[in-house]
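The values are calculated or read from the model by the stated rules, or taken from the named source; none is laboratory data. Treat the numbers as computed from the prediction; the structure is a model and nothing was measured. Note that each Cβ is placed from the backbone with ideal geometry, even for glycine, and that neighbours are counted across all protein chains shown.
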């Protein structure tokens, strides 16, 4: 599925298409746009997301970065 995304990096996807690719709901995609985690452009009353942006979001690390515990030995 990511091969088709890489081939057409200038293509715009709707919120529904983006949700299907990411495996989330349309509302979650709207939340990601609102929070600035996905950059989208608004045309009329609809948001569109570039395929390169979807790929960038998919490839970013999830969760908190690993921080080893400090060992304070007396």
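Taken together, the residues in the range 1-24 that are modelled with pLDDT of 95 or more, surrounded by 13 or more Cβ atoms within 10 Å (Cβ to Cβ) and in a loop (DSSP other than H, G, I, E, B) amount to 1.
Of all residues in the range 29-50, those satisfying the criterion of being within 10 Å of the chain's Cα centre (by Cα) and either part of a helix (DSSP H, G or I) or surrounded by fewer than 19 Cβ atoms within 10 Å (Cβ to Cβ) (or both) are 29, 32, 33, 36, 37, 39.
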